[in-house]
Amino acid sequence: MDTVERLNKANYECLLFDMDDTLYPMSTGVNYACRKNIEEYMLQFLEIEASEVPRMCLELYKEYGTTMAGLKALGYEFDNDEFHAFVHGRLPYERLKPDPVLRNLLLSMPQRKIIFTNADKAHADQVLTRLGLDDCFEGIICFETLNPPFEPNSYEDEVYRCLSSEEPDYNLFFSESERKAEVIHAGNDDTLLPKSQILCKPSLEAMEAAIQIANVDPKKTIFFDDSIRNIASGKAAGLHTVIVGNSELVPGADLALTSIHNIKEALPEIWEEEEDHFEQVVQSTAVDTVIVLA
């Protein structure tokens with residue numbers, strides 16, 4: 001049984017979607033604009049030498065998952081909300097247009113649907129609203145979800161906050177020592193780098209936290225993302241995985257989609273499960289009716 005066949009045998013209960021460059025294509029230029037805003041923030045507010053900014057921005061992104069996480073790991077101090085407001089607040093959101101095709105696909109899926117993004121809540125809300133998808137998801141797991149400034153009262157409160165698009169507390173699931181490990185190995189060499197206290201994809205801890213917060217069974221959950229590293233981490237966490245924006249399989253991916261719009265052709269079983277359930281209900285009702293008339 002090959003990988004795709006194993007994926008098709010699963011009984012899905014939840015679909016976990018990345019947002020940027022997954023629900024809309026990179027060709028919009030939003031990703032590029034975001035990177036330029038980050039570079040400008042580094043230059044203007046952190047006073048990093050101009051010649052170093054582009055290289056540093058890219059390398060920190062590759063190492064830590066987000067440039068912001070890398071900057072924090074290196075000891076730069078800045079307000080998270082102010083950073084997000086500067087970087088995301090000036091994005092060309094007008095380039096994102098309503099996507100009725102994707103909206104109809106999402107609304108027709110019987111499974112739970114949750115956004116899992118490294119971005120902040122305000123950015124997620126803006127993107128989903130522009131795409132016309134703001135009411136297509138049960139909740140949003142975002143930067144504030146995994147890096148909250150407060151303590152929740154209970155596990156139940158945490159899950160409620162997540163699924164009502166509020167801000168749950170990651171500390172409920174992992175100890176402070178796990179979040180503040182002092183060093184990590186960089187790549188395959190012996191260089192030691194400080195570990196960021198910001199939790200984000202592609203770390204396995206972020207994947208496991210999202211799974212617990214959303215209260216899903218990874219064996220019955222499909223994770224969609226455009227990042228090769230995120231897909232690998234998702235697979236390590238036990239999720240079924242689909243790389244989006246790529247025509248070929250990458251390490252850890254069960255399936256590849258050139259576009260999220262191809263999802264029904266690639267994964268028809270998402271809808272077939274609902275149809276099978278409906279047929280069972282109809283058959284059961286028919287049998288009951290015969291019994292009553294007898």
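What follows is calculated from the coordinates using simple rules that are stated; it is not laboratory data. Computed from a predicted model, the values in this text were never measured in an experiment. Neighbour counts run over all protein chains shown; Cβ positions are idealised from the backbone, glycine included.
Annotation: the residues Y61, Y12, sorted from fewest to most other C-beta atoms within 10 Å of their own C-beta, follow the order Y61, Y12. Ordered by the count of other Cβ atoms within 10 Å of each Cβ, fewest first, F17, F78 give F78, F17. Among L23, L96, sorting on how many other beta-carbon atoms sit within 10 Å of each Cβ, with the fewest leading, yields L96, L23. Charge dipole (Cα centre; +1 on Lys/Arg Cβ, -1 on Asp/Glu Cβ; no other charges) of the range 1-129 amounts to roughly 660 debye. Computed from backbone phi with θ = phi - 60° and the Karplus coefficients 6.51, -1.76 and 1.60, the 3J(HN,Hα) list for the range 230-242 is 5, 5, 4, 5, x, 5, 4, 7, x, 7, 6, 10, 10 Hz; x is used for glycine and proline. With each label modelled as a point 7 angstrom along the Cα→C-beta vector, the Y32-Q44 pair spans 2.0 nm.
Once you order the gyration tensor axes a ≥ b ≥ c over the Cα atoms, which shape class does the range 207-275 get: rounded for a/c under 1.5, otherwise prolate or oblate by comparing a/b with b/c? The shape class here is oblate.
Taking a point 7 Å from the Cα of N246 along the Cα-to-Cβ direction, the residues of the range 50-89 with backbone N closer than 20 Å to it are 58-67. In a fully extended conformation the segment linking E13 and V101 would gain 29.5 nm over its present Cα-Cα distance, using 0.36 nm per residue. In this calculation the C-beta distance from E94 to T258 is compared with R0 = 30 Å, giving a FRET efficiency of 0.75.
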